[in-house]
1. When the accessible area of the chain is split by element with a 1.4 Å probe, what percent falls to carbon and sulfur?
2. Hey, can you grab everything whose amide H is under 5 Å from the amide H of Ile173? Only 5+ residues off in sequence or another chain; H modelled, so Pro and N-termini drop out.
3. Over the heavy atoms of Arg543, what accessible area does a 1.4 Å probe trace out, to the nearest 10 Å²?
4. So what is the relative contact order for the range 474-553, in percent, with contacts set as C-alpha pairs under 8 Å and at least six apart?
5. Taking the Cα centre of the chain as the origin and placing charges on Cβ (Lys, Arg +1; Asp, Glu -1), which of Leu315, Pro685, Ile508 is farthest toward the positive end of the dipole?
6. For the pair Ala55/Ser573, report the inter-label distance in nm, with labels modelled 7 Å from Cα in the Cβ direction.
7. Which shape class, rounded, prolate or oblate, goes with the range 122-255 when its Cα gyration tensor gives a ≥ b ≥ c as root eigenvalues, a/c under 1.5 marks rounded, and past that a/b bigger than b/c marks prolate?
8. Helix 3-17 against the longest principal axis of the chain: what's the angle in degrees, Cα atoms only, rounded to the nearest 10?
Amino acid sequence: MNSRKRMLRTLWLCLMLMTPMALVLAQNGIIKGRIFNAINNEPLDFAAIRVQGLAIGAYSDSTGRFEIKGIPPGLYNVEVNYAGFAAEVISELQVTNSKPVELEIGLKEEGNTMDTVVITTSAFNKTDESPVSMRTIGVNEVARSPGGNRDISRVIQSLPGVAGSVAFRNDIIIRGGSPNENRFFIDGIEVPNINHFSTQGASGGPVGLINVNFIREVDFFTSAFPSNRGNALSSVMDIKQKTGREDRLGFNATVGSSDLGLTVEGPILKKTTFIASVRRSYLGWLFKTLALPFLPNYNDFQFKTRTKISEKSELTVIGLGAIDNFALNLEADSTDAQKYILGYLPVNTQWNYTVGANFKHFFENSYLTVVASRNMLNNKNIKYVNNDESDPSGKLLDYLSQEIENKLRVEHNVRKGGFKLVFGGSYEFDKYLNDTYNRISTPAGLDTINYSTRLDLHKYGAFANVSRNFASDRLILALGLRMDGNSYSSKMANPLDQLSPRFSLSYIIKPRFSFNFNTGIYYQLPAYTAMGYRDATGTLLNRENGLRYIRAEHIVGGFEYNTKFNTRFTVESFLKRYSNYPFLTREQISLANLGGDFGVVGNAPLTSTSKGRTYGVELMAQQKLFKGFFGIVSFTYVRSEFTDSSGVYKPSSWDNRVILTSVVGKKFKHNWEIGLRWRLYGGTPYTPYDINRSSDVAIWNITGQGIPDYTQLNTKRLQNAHSMDFRVDKKWFFQKWSLNLYLDLQNAYNYQSKGVPRLDVVRDTDGNPVLDPGNPGHYQMRLIENTLGTLLPSVGVVIDL
């Protein structure tokens, strides 16, 4: 028996030996909360609350409050009904003995509920403005996802139209769009970075920094973005956090595969609750033990407070941040693969934070929201020849950059005469600072980038959306409008040049069967790295080149069928057309073909001349918790193409073509739960190397890696890749605390996919590059197979007090 099999058997034995601990305890789980009108915060009395699967429930009192006692610990769906309001289903609530489940459920008024249309209860959310391309994920779906490692970015990769990049990163690729086209919000506050070691100018990173213990649910939009959510082309993730418990202090301790964390929650004052957490990784120690050539370590913090100022006003304050250090393990240099990685990877130090406040005040038929926030990113990269920092002349890269954003958004939600109206505006004052020294290879030869930039930017925008039900609630129409501008240049200053209309339609063909449609125009500002780039004379070169907002036109339509068994079937067809996309003038390629690795994206000369298009179809079947079963199966066919230097459409780096994902699970007796995820990604295209240029001694000594030949842009393609993740959970519920022990096997059958081959120099017995006698001034080169994927077992322990 090899060591891997022995380790897996030991982990499984640990789970089985703990089974006798599942003692029969009192069934004293509690679900309580408040039911209210979502538009004015008025309590709704005599609303019916039912726990699905159990013959128990309750009615709300005159203050809208309810309490259901005597619930056996486990996962449950809760259904809420009130005459004149849309029914609501809250899925997969974890009930324990140690603390009550506290809910605040805002119900939305129906338009013409006394007419003949049969109103059905659905476990799936759908809004007037976003009837298509929206998925809602509950906290338990995130926490238990096989292979997800309690990371929201990895869980999102199981949804329709979503692909991942290389195995070690969290890049979210939506319907063939680049990873830098996504935006993230927490409790209505924009958070630019949700990953550790994030790529500046994009959105990915290897590890998420959002603590799953804070998440209540996530609304994920892959099109049909709400008008109050701007600056996105591919997706918007709207994370709603839970509030701290009101009765007493509570604690959660988690030990996972890469970090350990502590969460504390409870009341501060009579009207204020809090929840806060800290986490620290031990990846550096683990990677050093495994003799890997890089050592990542991260720390993060997160908090939320909510104050009920009055019956009509409340204030939410959030904060999160990270400190990341990415060092090189210079002792791990015995193999060619280790030497190759050490040759090009820089040392990276990065920190970021976001703090924000969301104030909400309710009126008779409306509510006002005021959001203020500040976020900052500090990113430093440094690299020396042979990683020898004692020799200043060997410096290859010295990069320090900061992004600082101060934001204010005001919006008003009104319900009157059957119309739903949302309108408001936003303002930002932002700073971008960059000091760059970088020795690079260009088609013209070796070059040195050496500049400093200081950029102040004023951004402003306005938005509105109106919707109404027609034809006895069978037809819902929504019309939205947004416009944005900023002080960067005259080409971006006029908001009318960035006019962003959008239109949605939803028609109920039968009570559980509907047709949904959306079309819209969306704009996104290029990355600060592109806007702040200067040439040798100190000129903002990309401003002079006419850099503009990136534009994307979306058309999405499809059908949806919901069953009474918490199941949904959807089919959607989509088309995205891009214009004004940044084009790299040195490399002569679209920026859409970059962003899948560590580093910085867009810190180069650009023009807004690239075009792109993505199109395809998605099929999905999703099962919310029903009689212990849950899961989602989706298939996506997608094409992603952007123009090359000749204006010809070529497959982009995100052109997977086929994405097939299946996540299924079952909840058993005695609080056992298993889950399985299987994914298949179509092979993505890649560009072969310019071997003659890469082998040049002077160039290789600077770059340490192969240089793509962009005259053959994406002419090669990887093979299809697939993998399976498996997870088993066992929970014990005691009188005052609970324990969750899980075993997670990532890439359970150890599938080895083939990545882009590495171009490396031939080395002698001492590890030194060998010159090519037939090509003076050049090294001998070879292609090394790049195998990705390994079986990664991990045991996690979660304790709730």
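The values are calculated or read from the model by the stated rules, or taken from the named source; none is laboratory data. Because the structure is a prediction, the values reported are computed rather than measured. No Cβ is skipped: glycine too gets one built from the backbone with ideal geometry, and neighbour counts run over all protein chains shown. Keep in mind that these areas ignore ligands, DNA and RNA; they rest on the heavy atoms of the full protein, side chains included. Shrake-Rupley method; radii C 1.70, N 1.55, O 1.52, S 1.80 Å.
1. 59
2. Here the answer is Ala163, since their amide H atoms fall under 5 Å of that of Ile173.
3. Counting only protein heavy atoms, the figure is 100 Å².
4. On the way: 129 pairs, mean separation 20.9, N = 80.
The normalised contact order for the range 474-553 reaches 26 percent.
5. Final value for the positive-end residue is Ile508.
6. Going from the Ala55 label point to the Ser573 one covers 5.0 nm.
7. Here the range 122-255 falls in the oblate category.
8. 10
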